[in-house]
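Novice: Quick one: the structure is below, and I'll ask about it shortly.
The values are calculated or read from the model by the stated rules, or taken from the named source; none is laboratory data. Model, not experiment: these values are computed from the prediction. All Cβ positions, even for glycine, are placed from backbone atoms using ideal geometry, and neighbour counts span all protein chains on display.
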Amino acid sequence: MNAKEIFLRPAQPTDARVLSTIHIAAIKALPATFYSRQELLAWRNYRDRPDGSNIFKLIKADNFWVAVVDDVVRGFASYIIDELIALYVHPKYQRQGIGRILVEHFCEQAREQGIDQVMTTASLYAEGFYSRLGFTFIERTPHYLRKGIFVPVTKMSKQLEARG
């Protein structure tokens, strides 16, 4: 898949259920390598079936973008000014440039606002992905999921080059 086939647009309330499906599927596809099955279950909010109600609230509050290929939403990202909050791509469509394009869009939006450094909190699984996109390690920190479950995550940042 090349980048020309991936179309980005702001998320709509009608996308909420498919975004929940992508979120659940992406986490369910992860092996219990860095996190236990219980931690992964908490990460997907103890859901096996989509529930768009929580995501719907975020769509209204954040910069929330979806990646569309062949008229189907395949991934999404949300961010607030200089911080990438969430990035998920359906496991069937990972490693096809969708996540990279979503991150590049986030960085470009920040750059256009005069921001020269962005941040994200990466799962241990995603650390390598963000490193390949120019993010650097800041610190390992605990992240609260639900029901008293904390998992280690990595704070990362990326210096943005000024447009000239």
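Novice: Only one of (1) in contact with a helix residue (DSSP H, G or I) (Cβ under 9 Å, 6 or more places away or on another chain); (2) under 15 Å from Ile22 (Cα atoms); (3) surrounded by 21 or more Cβ atoms within 10 Å (Cβ to Cβ) fails for Val103. Which number is that?
Specialist: Answer for Val103: the failing condition is (2).
Novice: Residues that are of a type outside the set (A, V, I, L, M, F, W, C), over 28 Å from Gly148 (Cα atoms) and out of contact with any helix residue (DSSP H, G or I) (no Cβ under 7 Å at 6 or more places or on another chain): does the stretch 69-81 have at least one?
Specialist: yes
Novice: Taking only the stretch 143-164 into account, find how many residues are loosely packed, with under 12 Cβ neighbours inside 10 Å and of a type in the set (A, V, I, L, M, F, W, C). Explain how you work it out, then say what you get.
Specialist: We begin by selecting, within the stretch 143-164, every residue loosely packed, with under 12 Cβ neighbours inside 10 Å; these are 144, 146-148, 159, 161-164.
In the following step, the residues that additionally are of a type in the set (A, V, I, L, M, F, W, C) were identified as 162.
Summing the residues that are loosely packed, with under 12 Cβ neighbours inside 10 Å and of a type in the set (A, V, I, L, M, F, W, C) in the stretch 143-164 gives 1.
Novice: Residue pairs, Cβ under 9 Å, 6 or more apart or interchain, first in the stretch 118-140 and free of Cβ contacts under 8 Å to residues at least 40 places away in the same chain and aliphatic (A, V, I, L, M), second part of a loop (DSSP other than H, G, I, E, B) and surrounded by 15 or more Cβ atoms within 10 Å (Cβ to Cβ). List them.
Specialist: Partner pairs satisfying both residue conditions: Met119/Asp82; Met119/Phe135; Ala122/Phe135.
Novice: Please note which helices (runs of 4 or more DSSP H) are completely contained in the stretch 19-118 and include at least 2 residues that are farther than 24 Å from Ser131 by Cβ and at pLDDT below 95.
Specialist: Working: elements: 37-43, 53-61, 98-112.
The qualifying helices (runs of 4 or more DSSP H) are 37-43, 53-61.
Novice: Basic (Lys, Arg) and part of a strand (DSSP E or B): does that describe Lys158? Quick ask: steps written out before the conclusion?
Specialist: On the way: basic (Lys, Arg): yes; part of a strand (DSSP E or B): yes.
Taking the combined requirement at face value, the residue satisfies it.
Novice: What are the residue pairs meeting all of these: first residue in the stretch 21-41, first residue touching a residue at least 40 places away in the same chain (Cβ under 8 Å), second residue buried (at least 19 other Cβ atoms within 10 Å of the Cβ) and part of a loop (DSSP other than H, G, I, E, B), Cβ atoms under 6 Å, and 6 or more apart or on different chains?
Specialist: Filtered contacts from the stretch 21-41: Ile22/His90; Ala25/His90.
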